Amino acid sequence: MTRGQESTAAGIPAGVRALGVAAIVFLTLPLIGLALRTPWDQVSTLLTEPLVLRALRLSLVASLASLALASVLGVPLAWLLARTDFPGRRLVRALAVLPMVLPPVVGGVALLLALGRRGLFGQVLFAATGWALPFTTPGVIVAETFVAMPFLVVTVEAGLRALDPRFEEAAATLGASRWTVLRTVTLPLIAPSLTAGMALCWARALGEFGATITFAGNLPGRTQTMPLAVYLELESNPAAAYLLSILLLVVSIAVLVGMRDRYLGSP
């Protein structure tokens, strides 16, 4: 801690510091409890259980596919929100970030009403192809994308808004096409924001529970991701549930620590 930081800390009232410490204890105590109850001596055995392996594999595949889909759709959306002015832009932005505050179960219900076999679009899809999204692995990907994409959109839009447009204007003045400017100027300059948004999006997709179980169900090997496996294993195999929880916790902490400079600034 630097001298300036020590001076700032010394100026904080004792009551505020005590409440801050209480908040730290409140937030970390459940995590400590989880770490202490995890059967570390059984890690190698639990990680080879078929249910755990299936949940891990499906979680990785679905979350990475969700990240790819969110990137393809979310980056252009962030671009539109940051660089264009069109009627209803504020409403579109509100709708784009709504899943961040919407209860995930409500999001799952909304997906069912839109993409379910009898949904607004789902019934058209089923009538045309005989294929339905709910209770399938693609359904898991769709649910995770719906919940996680706003994290990517918000982060990339903020990066685009913070970008000095004079760099792009200079490249255009020198004769670069729009795609060249995008590839050689814009994307490299917003790379930190894009990376942070993708990491947060992936971590959120990996930990998604409510929308997934509502829209895709909890079918082992098909739609049962790690969070759903934790919920199921708590009743029959708590040790496996604790281990899966620790894995999700480690991933979340790694992402937040790695991206801390993007939302807190330099420490």
>> Just the residues that are farther than 18 Å from L111 by Cβ and surrounded by fewer than 24 Cβ atoms within 10 Å (Cβ to Cβ), please, taken from segment 203-213.
In response: A203
> When residues of segment 44-59 are filtered for being loosely packed, with under 14 Cβ neighbours inside 10 Å and among the hydrophobic types (A, V, I, L, M, F, W, C), how many remain?
Replying inline: 1
> Do we have any residue at all in segment 167-178 that's under 29 Å from the mean Cα position of the chain (by Cα) and either at pLDDT below 95 or not hydrophobic (A, V, I, L, M, F, W, C) (or both)?
Replying inline: no
> Within segment 69-81, how many residues are within 14 Å of R161 (Cβ to Cβ) and surrounded by fewer than 19 Cβ atoms within 10 Å (Cβ to Cβ)?
Replying inline: 2
> Taking segment 188-197, which residues are in a helix (DSSP H, G or I) and either surrounded by 23 or more Cβ atoms within 10 Å (Cβ to Cβ) or touching a Gly at 6+ places or on another chain (Cβ under 6 Å) (or both)?
Replying inline: S193, A196, G197
> Which residue pairs have Cβ atoms closer than 8 Å, lie 6 or more positions apart in sequence or on different chains, and pair a first residue in segment 218-235 that is without any contact (Cβ under 8 Å) to a residue 12 or more places away in the chain with a second residue that is buried (at least 17 other Cβ atoms within 10 Å of the Cβ)?
Replying inline: L234/A241
> Residues that are among the aliphatic types (A, V, I, L, M) and without any contact (Cβ under 8 Å) to a residue 40 or more places away in the chain: which helices (runs of 4 or more DSSP H) entirely in segment 32-103 hold 1 or more of them?
Replying inline: 50-83, 89-101
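The values are calculated or read from the model by the stated rules, or taken from the named source; none is laboratory data. Since the model is a prediction, treat every value here as computed from it, not as a measurement. For neighbour counting, all protein chains shown are included, and Cβ atoms are generated from backbone atoms with ideal geometry for every residue, glycine included.
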